[in-house]
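Student: Below you will find the structure I want to go over with you.
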Amino acid sequence: MKESGTVSNERAPKGSQPKVFALVLNWNGLKDTMECIESLRNVTYGNLEVIIIDNGSVGGEADTIEEKCGDWITVLRNQENLGYAEGNNVGIRYALAKNAEYVLLLNNDVIVAPDFLDAMILVTESRREVGIVGPMIYYYPPNQREVIWFAGGRVAKNIGQPFHIGLKEIDTGQFNRLKVVDYITGCALLIKKEAISKIGLLDTEYFAYFEDLDWNMRAHAVGFLSMFVPEARIWHKASATSGYMSPVYVYLHTRNRILFVRKNTSRLGFALFFLPTFVVLRIARPMIVFTAKGQNKANRALILGLKDGMFGAGKDIRGRIKVLMSNEVRR
């Protein structure tokens with residue numbers, strides 16, 4: 001299979017289009033979720049069902065979404081915040097039970113181009129070995145000089161470091177070809193039913209962060225490829241992520257990076273290469289910064305993430321997150 005090329009603009013008749021379920025996870029993000037839904041209303045792909053999974057939001061957000069959009073979407077309700085992985089798994093199980101041929105994971109803070117799904121389905125339907133595809137993702141809002149957030153991903157597995165190709169570059173057409181990549185971000189990830197049947201659901205041990213990267217690695221292990229489709233376009237409100245560098249963010253990134261590397265590299269590589277690099281770059285350096293800024297809660301979250309990642313403590317990850325969230329000061 002060639003790693004690059006272009007997508008034809010021809011569209012299959014709607015009657016022959018495979019069934020796609022788009023899953024949007026909402027957690028106290030009503031405004032963004034409603035804007036995402038409105039953009040999905042304009043999608044030109046004919047065989048699409050939109051599922052909103054409310055992940056234990058407060059203030060009746062699920063009711064509001066259902067009241068305003070229930071005529072054409074389905075709202076699933078989780079009684080508590082199950083995390084990104086299990087929250088989406090609820091939707092994936094529902095979609096598969098409804099005979100989904102594809103599952104599309106979408107962040108609630110994205111706006112999609114009307115034809116984004118047509119372009120991705122054309123690729124997956126014409127290439128059996130491609131199991132996961134994703135679009136070009138720009139920073140929101142759209143403008144004449146689009147700034148790239150994601151044009152496919154690369155990953156250094158031995159240090160647990162994913163990289164966004166094209167990050168913060170102005171799009172001048174430099175990534176305008178199909179390309180096999182290391183991973184597609186869960187911000188917008190289309191996966192075949194056949195891939196899910198072989199690799200299973202998202203790994204709930206992660207709770208949030210790195211589970212999408214892990215899903216790509218598991219798909220590759222059974223022979224599927226991940227592919228970037230530049231003709232498909234969406235816009236991501238990247239700055240809308242409210243908890244950046246909060247104790248929960250620090251804890252999960254520290255813990256989950258360790259989990260990811262342990263699952264995807266050898267024991268020898270983990271001990272001899274990952275750990276020395278990790279201690280210097282991901283423990284010592286952040287601790288110096290947090291200490292200088294008086295961010296004691298972030299320092300405690302860092303150490304807790306290290307302990308739980310290394311020694312398997314904190315199996316009750318939801319309980320751990322609740323404690324961290326109750327103690328942190330939101331920015």
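The values are calculated or read from the model by the stated rules, or taken from the named source; none is laboratory data. Worth saying up front: this structure is predicted, and the values here are computed from it rather than measured. Positions of Cβ are backbone-derived with ideal geometry, glycine not excepted, and every protein chain shown enters the neighbour counts.
Student: For the range 171-244, which fully contained strands (runs of 3 or more DSSP E) count at least 1 residues that are touching a helix residue (DSSP H, G or I) at 6+ places or on another chain (Cβ under 8 Å)? Working first, answer last.
Tutor: On the way: elements: 179-181, 188-192, 225-236.
So the answer is 188-192, 225-236.
Student: Does any residue of the range 84-92 turn out to be assigned by TED's automatic domain parsing to the domain that holds Gly200, among the small types (Gly, Ala, Ser), at negative phi and not in a helix (DSSP H, G or I)? Let's see the steps before the verdict.
Tutor: Of the range 84-92, the ones assigned by TED's automatic domain parsing to the domain that holds Gly200 are 84-92.
Now restrict to residues that are among the small types (Gly, Ala, Ser): 85, 87, 91.
Then drop every residue that is not at negative phi, which leaves 85, 87, 91.
Pick out the ones that are also not in a helix (DSSP H, G or I) and you get none.
Among the residues of the range 84-92, not one is assigned by TED's automatic domain parsing to the domain that holds Gly200, among the small types (Gly, Ala, Ser), at negative phi and not in a helix (DSSP H, G or I), which makes the answer no.
Student: Take the residues in the range 187-217 that are surrounded by fewer than 23 Cβ atoms within 10 Å (Cβ to Cβ) and polar (S, T, N, Q), then tell me which one is farthest from Asp32 (Cα to Cα).
Tutor: In this case the residue turns out to be Ser197.
Student: Could you tell me how many of the residues in the range 147-195 are closer than 30 Å to Leu272 by Cβ and in contact with a Leu (Cβ under 6 Å, 6 or more places away or on another chain)?
Tutor: 3
Student: In the list Asn81, Asn55, which residue meets the criterion of being buried (at least 23 other Cβ atoms within 10 Å of the Cβ), of a type outside the set (Ser, Thr, Tyr) and under 22 Å from the mean Cα position of the chain (by Cα)?
Tutor: Values: Asn81 fails: buried (at least 23 other Cβ atoms within 10 Å of the Cβ).
Checking each option against the conditions leaves just Asn55.
Student: Now for a different question. crowded, with 19+ Cβ neighbours inside 10 Å, of a type in the set (Lys, Arg) and not in a helix (DSSP H, G or I) - does that describe any residue in the range 269-285?
Tutor: The initial filter retains those residues of the range 269-285 that are crowded, with 19+ Cβ neighbours inside 10 Å, namely 274, 278, 282.
If we keep only those that are of a type in the set (Lys, Arg) too, we end up with 282.
With not in a helix (DSSP H, G or I) added as a condition, the list becomes none.
Within the range 269-285 (the criterion being crowded, with 19+ Cβ neighbours inside 10 Å, of a type in the set (Lys, Arg) and not in a helix (DSSP H, G or I)), the answer is no, since none of the residues qualifies.
Student: Does the range 131-163 hold any residues that are closer than 19 Å to Asn107 by Cβ and in a loop (DSSP other than H, G, I, E, B), and which are they?
Tutor: Of everything in the range 131-163, those that are closer than 19 Å to Asn107 by Cβ and in a loop (DSSP other than H, G, I, E, B) turn out to be Tyr140, Pro141, Pro142, Glu146, Ala151, Gly152.
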